[in-house]
Amino acid sequence: MKISELVARTNVSKETIHYYVREGLVTKPRKPGKNVAVYDEICIDQIRTIKRLQDNYFLPLSVIKKIIRRHKRQSDTELLSFEILSEYLRPLDYFLAKEVAGEDEFRRATGIGRKWLSRMEKWGVITAREAGGEKIYSQNDVIIGRLIVEMDNTGYGPKDGTNPEDLRRIADFVRDYIIHAQKNIFNGGQRGISAEERHEKQVKIREIMSLFFYHIYRKLVTESADVRRTEAW
């Protein structure tokens, strides 16, 4: 494609694209003629990755350049993981109020159907609070709702043979663990510290455990897939 099409499809100026090419962030175009430059489809993905890292993670180009280099060596599975994570784990989102008021608005924001929203609320996977006679859904509920829809679209839903109650069992397990862990925190090693210090520790523990659950799931799924591949050989 010519640079004019690349500009139109990425919404990035010609001057910026030339700069990305000079810096090695975007693949150099082919030169079939003296004044003709042809860009590949991969350039679109590279530019979108740069913009995603800038807009969502506020990274300077010097850091993005290192990520792009590593990005080029990643497998298709790793690239897909990156795409999903960069979509759902945006740092700025956690500083912005993104509550949604009302079931209809929640369904528009997530794409979840009325029946499945009702079921997820019944199971405690999605939990709204009441305010002024209206349901208020948190930012985390919105993300979970989107992820449930994404699971179904990707092939992890009832029509694919997946039992949706698995999500309830996961939520129940995590909820029970959190209740147990919080009792230990309050009754254990947090005595003799100020309320401010206690709150700070609780926030740190929350974020660390969130990362632990995320990575232990990835680790176990990856190991399980490796075992299946070994057995197939």
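Each Lys or Arg adds one and each Asp or Glu takes one away; over the other residues whose Cβ falls under 15 Å from the Cβ of D152, this sums to +2.
Charging the Cβ of each Asp and Glu at -1 and of each Lys and Arg at +1, and nothing else, the dipole of region 3-75 about its Cα centre rounds to 340 debye.
Per-residue Karplus couplings for region 21-28, computed as 6.51 cos²θ - 1.76 cosθ + 1.60 with θ equal to phi - 60°, are listed in order as 5, 4, 7, x, 7, 10, 4, 5 Hz, Gly and Pro entered as x. By the count of neighbouring beta-carbon atoms within 10 Å, fewest first, M151, M120 end up ordered M151, M120.
The alpha carbon centroids of region 37-71 and region 150-180 are separated by 34 Å.
Each label was represented as a point 7 Å from its Cα along the Cα-to-Cβ direction; for I208 and I178 these points are 1.8 nm apart.
Computed over the alpha-carbon atoms, region 3-75 gives an Rg to Rh ratio of 0.97, Rh here being the Kirkwood radius from the mean inverse distance.
Listed from fewest to most Cβ neighbours within 10 Å, the set W123, W116 follows the order W123, W116.
Values in this text are rule-based calculations from the coordinates and carry no lab data. Everything numeric here is computed off the predicted structure, so don't read it as measured data. We place every Cβ from the backbone using ideal geometry, glycine too, and count neighbours over all the protein chains shown.
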